[in-house]
Structures are given as structure tokens and as C-alpha cells.
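Quick notes on the structure that follows.
The values are calculated or read from the model by the stated rules, or taken from the named source; none is laboratory data. Predicted model only: the values in this text are computed from it and were never measured. Cβ coordinates were reconstructed from backbone atoms using ideal geometry, including for glycine residues, and neighbour counts include every protein chain displayed. Just so you know, the surface numbers come from the protein's heavy atoms only, side chains and all, with ligands and any DNA or RNA stripped out. Shrake-Rupley method; radii C 1.70, N 1.55, O 1.52, S 1.80 Å.
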Amino acid sequence: MDHLDQLEAQSVFILREAYRKLKPLAMLWSLGKDSNVMIWLARKAFLGRVPFPVMHVDTEKKFPEMYKFRDEYTKKWNLDLQLGYCPPVEEMDPTLPPAARSAARKTAGLAAMIEKHKLQGVIAGIRRDEQGTRAKERVFSPRGASHKWDIRNQPPEFWDQYATPHEDGVHIRVHPLLAWREIDIWRYVEREGIPLVDLYFARNGKRYRSLGDQDITSPIESNASTLAEVITELETTRTSERAGRAMDHESEDAFERLRVAGYL
Amino acid sequence: MSETLTATTIIDPIDRDVALESATPIVIVGHVDHGKSTLIGRLLYDTNNLEDGKVAQILESSKKRGLAIEWSFLLDSLQIERDQGVTVDSTRIPFRLGNRQFVIVDAPGHRQFLRNMITGAADADAAVLVVDANEGAQEQTRRHAMLLRLIGIRHIVVLLNKVDLLDFDEQKVRAVENSVTELLTQLELTPSLFVPASARDGDNIASRSERSPWYKGPILTEALAAVPDGNIRATLPFRLPVQDVYRFDDKRYVVGRIERGTLRVGDELTIGSQGSTARVAAIERWSAPERKDASAGESVALVLEPDVIPARGDFLFAPHQAPEKSARIRANLFWLRQEPLRVGETFRLRLATAEHQVTVASIDSVVRLDDLTTQQSDEVPPEGFAEITLVAGEAILFDPFSPGTSDGRGVLVDRNQRIVGGAPLLGPATLAAGSHAIHPSGGEVSGSERARGKGHKARVIWLTGLSGAGKSTIARLAERKLWADGIDACVLDGDTLRMGLCSDLGFTEADRHENVRRAAEVARILAQTGQVVIVALISPLEADRGLARRIAGVAFDEVFVDTSLATCEERDSKGLYRAAREGKIENFTGISAPYEAPAKPDLHIIADKSNAEQNAVTLTDYILRKIR
């Protein structure tokens, strides 16, 4: 087994644990490369199907290409797509810096979806190498009634034994991609032929490395217009993947505050 | 947003094939403040593994807190960690050294974050134990070393840090080295190497220090490159713990991860719990090249023939390569709860995908952390280490713990589903000749302690009624319901007792009396371990049932399973009534021997009015009221 086989096998194991232990369960689909890989892994785990709803918490500020992609692949992949909407920015914590405040809308939209569907498990495609606080996450990360991430008090997680919810109002964030790196995602996309929004590929010397809301996401300078070129670029790159995501960088603690409050 | 982020720096492109190799996880452990996070920061910086802008970010965060440069901020990304200068939770960061991929796991050194240390360390291939050369081994050094042994990490590099404080003096460094060696030897751990270093200044981390000319051994990066990455799992006998069973489009799939060995289509497998065998008809994959085999580490979906239905937790293995099977198991323990562990407490033992209810039958020895010797004790202190014996209601299939495999990785879970300890299983436990499994009266653990541990009181529930009245069926159904409710319940039924314990007895009145007496004694002993014991025995005579009540004590209920003789005779599931009517069986209750119906039972179940399920619910509700 090579590195990608190992990552795939472990993610499949995690998804099957989630499907067995958490009901109702749903997967978040941000339309980005990581969540497309996640859907692909679910189809690996469940022999070609995704046996739970796929949820898109829509900020209504995504790129038009992303909406088009969503509609196309919902049909092609036979997904049970559920949409959630986000409250206006005016309702968000005013002490957050502007981009983080905008990103907080997604937290609120997600919380509403979890309440509405009484979800016990939410599968999300975060990775440890994206950001320092994500590096401290568990594969099964319990969230209390207020959806808060209690970073001081995470449960032990070892030998593939994961936390199980033991009381009402607790849900588990399941992170099957935690051990994947950005380059692994791209190599897997290449190996498996997983479709992506073409914003990831360079046009006129620019491409997006990470996709979020239009107003708080920046492209990078790049001429990588094919999968192979993107992979070569990443192999020689040393800037951070989320450098183009404004809410990560406004202040040292902005992203941690978002995450503690329930952001992904 | 219009701004564009600026260009990327070019580093050496790495060879594609190398990049596709799996990464070796290395955990960095040691006492708090001995410099683990600093070491990692320095290591990443010196080996060019940091992203652009990261150093500037760290400098800024350091300046804000009045510090020069705090390398640990690279990993201590949480605000609380930076403000208090302590690692709270473990982090994993990918790291490349020449042609090899690693994952560096930073584990917190503080005792209160032990669970996070284990979370980080449990799947590492090797460890770097950081010891402040000036302070020598401290409590967390010993605790972490102990954990490395219990979680099965055998490859250990000791980094003697802060040797600048000893002026790089060879004699002083060797003295520390000797004391740490002694400590590890006690734990049967052999460090592969001692590296004298200063993480802050980078001595002997990624480049050889001029300040320690006497040191000729490998520097840290060389030591990491030498960590073996042998994977032996695929060559061991086949094991697959069933994770789930799916039915999609009229086809049944048994899914799970192969923990050891290899599998080919056509192989014969034994299904652990059933003892039956099945053949692998297909290994199904979606969107992948078809292959007729699979090996350790793969998550597979099998189609079996015949189409048997194993349950989650079932063990699949090759016939003649069966694992151990025992209801009493010796185990090591690393205890993670904030309160001590005492004998008699009951847990769920998770073992791969299986779950078994177990009781701590004895605490055999406890480790003293100040000198790592063992001693007798009746409790395991919070975050302590011990050897214990676990007892289950049924025989458990397992392979003894073995480093480098996932064998015997027991995890204890409490009633609230919290993970409270790790229990590497050592092997079946046998009772020494002449000793007793149960403490006689005046035993060390009181009934109330057991009740507290289990969350319910012990009780003997005595079911009496005619042969064929449905006693055993109702008892078994109730046992299942109680179990599902977290109640430690068991059933003693007449036929089972007569198979073994009472196989020397017949059906004369004297033998029936002795049968009742033995059953009552066994029930009493089981109840003393805190269980709810449901006895299903005809026990036809009022006097014998009175004897049972006297033996069992106050927590005793007589339940009359009242089914009319006509119904019993009509059912006659075992053909006994017919045989009795034909005179082939003597002394048959209700036909040729008396049945004295209870005058005042504690619970009267008129059994032929409802079905067994409804009767079991009545019984279960009654029991729950009595034991809570």
C-alpha cells in the first residue's frame, strides 16, 4: 500500500465508523476540492453511494462556477442534497474582525442545520495541515449543546477508538481527512479522476488555491492550468494554503475564535 | 478582494515516488519544560520545513508577549498555549527529511494533559524522549517512558537537551545518560541512542555542534533517518474485526479493516462468535482496479458464501489460526480517570470493533511512579499504571498485545461512553490452585462500593414454575434488555446447571433439594460481585425456595412464572411431558411429582395471558425498580 492507499483506507474506516455509530448523520459539502474528495471516499466506503444527506451551508456569496458545479454533480453523483442558509452579517458578533465576522455567518447557518435535522454526526473535510488549531483536532470531535469546541477538554482518542455521544444535544464532528495534506488531496484527485471547480486552475496568471466566499478569498499568482502543473507547483511551494483566506489572518486569534464558536 | 498574494519560493522538487511513500510518525515526549516544542520548532526551521512567512508570524507573536523568539509557537497554536507557555493538546505536522516523510507529533508534557499525550503518541513508530540534562529524569519523564512501553513503542531516541547548561561537559552528560538508561532498563526499554543537544541553539539537531567535539554519534536528524519502518502486519495470520454489515441492492457486504495478514478470493474464514466458516466469494471495490486479494491495512467489503451474517465486533480469521479465547484476561492498564479505579468496577471493553462488558476482578500490581517498582494495592490512582484481571460474561476472542500490530488494544469505556483507560491485553488469566475467584464474606470491596461502581444494586431474582412455563425464555429476554440498559445481569438456568455443576444429581426429592441449594449458593456469590442474577429453576417445593431465600439474603425476589399445566403440556418443547405420561420419566413435576405454587410471590406473571416478550418487559420493569 502506498501513502494514498493508506490515507484512503483510514478515511474509509472513519466514515464507516461514523455511519454505524452516529444517527442521523450528514456530510458537509463546501464544493471545494477537499469535500469532493470526501464524497468520493464515501462512495468508496459504501460501494458507490452516499447513504446519508450531503449538506451545503450556502452563504450565497460563492462563485457562480461553484453553484454550477453543485447542481451538476448533485445529479451525477445521485446525492441527497440539503441546503442551509446563513443569517445576514449584521447579526454576527460585532467584535470579530470584518472577514471573520463574515465567515461567522457560516457557523450560524451550520448551527441552524444541525438543529433542524437534529444531527448527531456532521462529517467535515478539515485537515490538520491547513491551520494550527485544526492540527489539534480529534477525528471524532464532540460539540456540546452550544456547538462550542472545548479545546481544553478534548477526549482521549487512540487505537481507533473514537468518542461517542452520550447525551442529547451533543453532536460529533467527524473529520475523515484530518491526516491528509494538501498535496495528498491533489495527488488523489489526479489518481482517481475526481472532478473539481475550474477556479483551481490558472487563467490569466491567477488561480485559487482555496475556495471560500468571493469577497474574502483571493487568488494566487500561478500559471498552473492542469492537474499535473498544480501538483508540481505545490511540490515546490512554501506559502500557506489558506494565505488567500482573509479571516485567518486579521488577528492572531481570529480563526481560533471562529472555531471555538463552532466554525469548521 | 482584489489583491493578489505574491510569488512562491522554490525548493528542491522531491521525487514523486518518494513522496508517495507513507510517512513515519514520530512522537516527541518528555517532562514539561524540558523543551519539546522548542525542539520541534528548531528542527522544522533547520531542515527547511517551514512555510514562508511562518517565522515572521512567530516573531510577531513572540514580540507581543515580550519574548525574543519562541519556537514553540509554531505548534502551540492555541491562545491559551501561547499565553501560558504550555502545550495543551498534541499536534501533528508533516515533516520531510531528505527522501523520507515523517509526521512529527508534539505531545504535551503536563500531567493534566496525559490523555492528549496518549492521543498523540498511540500510533507513533518511534519516540524522541526529551530530557533536560540539567534536571535529569522527572516524574513526567518516567510516566511518558512507562506509556511508551504500554502503548508499544519500542524505538526510542533520548535527546539530552539544554546541555549548554552543563557547558557540554562530557562527564556530566554521561552521568545523566547513565541515570536515564537505568530508568529505561527497569521498563525493559532500550534506547537506541542518546543525543546531547541544545534545541534552542540548534546544537546536534540538524547540524553537528562544535561545542561537543567528544560526541561522535548520530545527530538527531541522522537518528530519525535511521528509524526502521518495517511493517510486519501483512505477514501475520489473518484477522478482520467486522466493522459493519451492509445490504445494498439485495447484496450483503461484510466490511472492516484487515488488521493482519492477507486475504484472497476463495479463502475459507472462521466467523469467531458462530464458530462456522464461510468462503470469500468476492472482494468488492468501487472505482478501483479489480484485485483478487487484499492485505493488512486495507478497508474491505467482502461477499461471503454462504451468505452468513456476522455481527459488528465478530472476528474473522483463518481456520486453525484462531486467536486466544478466555473470559478472564490479564491486562496492563494506563488509567486516565481523575478518580482511582477499584476492584469490582464494570466497564465496556472495546477491542477493535468489539465491545464486551467486563468487571475488574483483581488489581494484581500497581506501579510506583517515583521508582517504577510495583506494589500491591487495592486501587489504581488517577493516571496510574497497573496490571489487572478483567472478567467478562462470555469468552472473548483476542490476540495478546504486541508492539507494531493492533493486537490486544483494549480500551475501557465507562457508562457515560467516556474512554477511561487503555488496557493492552496480556493473555488469559488462570486461577491459582486453591484460590477463589470471589472474595468470601468480609471481602475487600463492599457491596455498596460495587453498587456505586456499577450504577445499580445486586439482586437475586428467582423464577419458579412448571417445566415449559417459559422461565428460561423470559429470563434470557430480560437479561438482554437489562444488559442493553447497562445492567450487569446474568441467568442461571436449570438445564445449564444440570449440565455441569449439578451433573451428579438426579430428580429425587433429595437431589432436587441439593440442586436448589447449589443454585442459590452460586447466585449468592454472583450477587456479591454486584450482578443481577436471574435464576430459572422449577424449584417445586415451598421449603426449597425458602432455603434459597435464606442463602441469597435480603435482596431476593420470588417470581412465579404461572403457566397452566395444560399449556405447558401442549407446548412440550422438549417432549418431556409426553415421556412422563408414558412413564419414561419418573418424578416429573406436575405429572408424577408435586408442584407447590407460591402463595405470595413477589411478582406473579400469568404467563399464558401474554407472549414471552411482554412477560420479559414486566419482569425487566420490576427488576429495574428494585435495583435502582
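For segment A:16-47, taking the residues that are in contact with a Phe, Trp or Tyr (Cβ under 7 Å, 6 or more places away or on another chain) and away from chain B (no Cβ under 14 Å), the one that is surrounded by the most Cβ atoms within 10 Å (Cβ to Cβ) is identified as A:MET27.
Residue pairs whose Cβ atoms lie under 7 Å apart, separated by 6 or more positions or on different chains, with the first residue in segment A:114-128 and hydroxyl-bearing (Ser, Thr, Tyr) and the second open to solvent by less than 10 Å² (accessible area, probe 1.4 Å) and assigned to a helix (DSSP H, G or I), do not occur. Screening the candidates A:LEU177, A:LEU196 for the property of being within 22 Å of A:PRO53 (Cα to Cα), in a loop (DSSP other than H, G, I, E, B), hydrophobic (A, V, I, L, M, F, W, C) and open to solvent by less than 10 Å² (accessible area, probe 1.4 Å) yields one hit, A:LEU177. Any chance segment B:549-558 includes a residue that's open to solvent by 40 Å² or more (accessible area, probe 1.4 Å), closer than 23 Å to B:ALA593 by Cβ and in contact (Cβ under 8 Å) with a residue 40 or more places away in the chain? Yes, some residue in segment B:549-558 is open to solvent by 40 Å² or more (accessible area, probe 1.4 Å), closer than 23 Å to B:ALA593 by Cβ and in contact (Cβ under 8 Å) with a residue 40 or more places away in the chain. B:GLY272 passes every criterion in (1) buried (at least 17 other Cβ atoms within 10 Å of the Cβ); (2) within 14 Å of chain A (Cβ to nearest Cβ); (3) modelled with pLDDT under 95 apart from (2). Looking only at segment B:311-337, residues that are assigned to a loop (DSSP other than H, G, I, E, B) and within 14 Å of chain A (Cβ to nearest Cβ) come to 6 in all. Does B:ILE309 meet the test of being over 15 Å from the mean Cα position of the chain (by Cα) and surrounded by fewer than 18 Cβ atoms within 10 Å (Cβ to Cβ)? Yes, satisfied. Within segment A:56-77, none of the residues are surrounded by fewer than 15 Cβ atoms within 10 Å (Cβ to Cβ) and of a type in the set (S, T, N, Q). Take A:ASN204 and decide whether it is of a type outside the set (A, V, I, L, M, F, W, C), over 21 Å from the mean Cα position of the chain (by Cα) and either over 30 Å from B:ILE419 (Cα atoms) or surrounded by 19 or more Cβ atoms within 10 Å (Cβ to Cβ) (or both). So A:ASN204 passes the test. Taking the conditions (1) free of Cβ contacts under 8 Å to residues at least 60 places away in the same chain; (2) not in a helix (DSSP H, G or I) in turn, A:LYS61 satisfies each one other than (1). If you go through segment A:130-153 and keep only what is over 27 Å from A:ILE185 (Cα atoms) and at the interface with chain B (Cβ under 8 Å from one of its Cβ atoms), you end up with just A:ARG152. Only a single item in (1) within 27 Å of A:ALA42 (Cα to Cα); (2) part of a loop (DSSP other than H, G, I, E, B); (3) at pLDDT below 90 is not met by A:THR237, and it is number (1). Filtered by the rule that a residue be in a helix (DSSP H, G or I) and farther than 13 Å from A:LEU15 by Cα, segment A:36-49 gives a lone residue, A:ASN36. Restricting segment A:154-164 to residues that are of a type outside the set (S, T, N, Q) and facing another protein chain (nearest Cβ under 7 Å), which is nearest to A:THR107 (Cα to Cα)? Here the answer is A:PRO155. Of the residues making up segment A:169-185, those that are out of contact with any strand residue (DSSP E or B) (no Cβ under 7 Å at 6 or more places or on another chain) and either within 11 Å of another protein chain (Cβ to nearest Cβ) or modelled with pLDDT under 95 (or both) number 7. Across segment A:242-254, the number of residues qualifying as of a type outside the set (A, V, I, L, M, F, W, C) and either at the interface with another protein chain (Cβ under 9 Å from one of its Cβ atoms) or assigned to a loop (DSSP other than H, G, I, E, B) (or both) comes to 6. Among the residues making up segment B:242-264, those that are among the hydrophobic types (A, V, I, L, M, F, W, C) and either open to solvent by 50 Å² or more (accessible area, probe 1.4 Å) or in a strand (DSSP E or B) (or both) are B:VAL242, B:VAL245, B:PHE248, B:VAL254, B:VAL255, B:LEU263. Here is the figure for segment B:501-517: residues that are exposed (fewer than 13 other Cβ atoms within 10 Å of the Cβ) and either modelled with pLDDT of 85 or more or among the hydroxyl-bearing types (Ser, Thr, Tyr) (or both) total 2. Is it the case that segment B:194-206 has a residue that's in the same structural domain as B:PHE168 (by TED's automatic domain parsing) and open to solvent by 40 Å² or more (accessible area, probe 1.4 Å)? The answer is yes; a qualifying residue exists. Here B:HIS320 passes the criteria (1) of a type outside the set (S, T, N, Q); (2) open to solvent by 20 Å² or more (accessible area, probe 1.4 Å); (3) in contact with a Leu (Cβ under 8 Å, 6 or more places away or on another chain) except the one numbered (3). For segment A:206-231, residues that are within 7 Å of chain B (Cβ to nearest Cβ) and either modelled with pLDDT of 90 or more or in a loop (DSSP other than H, G, I, E, B) (or both) total 5. Every condition in (1) closer than 27 Å to B:ARG625 by Cα; (2) open to solvent by 50 Å² or more (accessible area, probe 1.4 Å) holds for B:ILE605 except the one numbered (2). When A:ARG138, A:ARG152, A:ARG105 are checked against the criterion of being at pLDDT below 95, of a type outside the set (A, V, I, L, M, F, W, C), in contact with a Ser or Thr (Cβ under 8 Å, 6 or more places away or on another chain) and under 29 Å from B:ALA352 (Cα atoms), A:ARG138 stands alone in meeting it.
Report whether or not B:VAL131 is touching a Leu at 6+ places or on another chain (Cβ under 7 Å), of a type in the set (Val, Ile, Thr) and either within 11 Å of chain A (Cβ to nearest Cβ) or within 29 Å of B:SER402 (Cβ to Cβ) (or both). Yes.
When A:PHE52 is tested against (1) modelled with pLDDT of 95 or more; (2) closer than 17 Å to A:TYR263 by Cβ, exactly one condition is not met: (2).
For segment B:50-66, taking the residues that are part of a loop (DSSP other than H, G, I, E, B) and within 11 Å of chain A (Cβ to nearest Cβ), the one that is least open to solvent (accessible area, probe 1.4 Å) is identified as B:LEU50.
Note on segment B:530-543: residues that are open to solvent by 10 Å² or more (accessible area, probe 1.4 Å) and in contact with a His (Cβ under 9 Å, 6 or more places away or on another chain) total 2.
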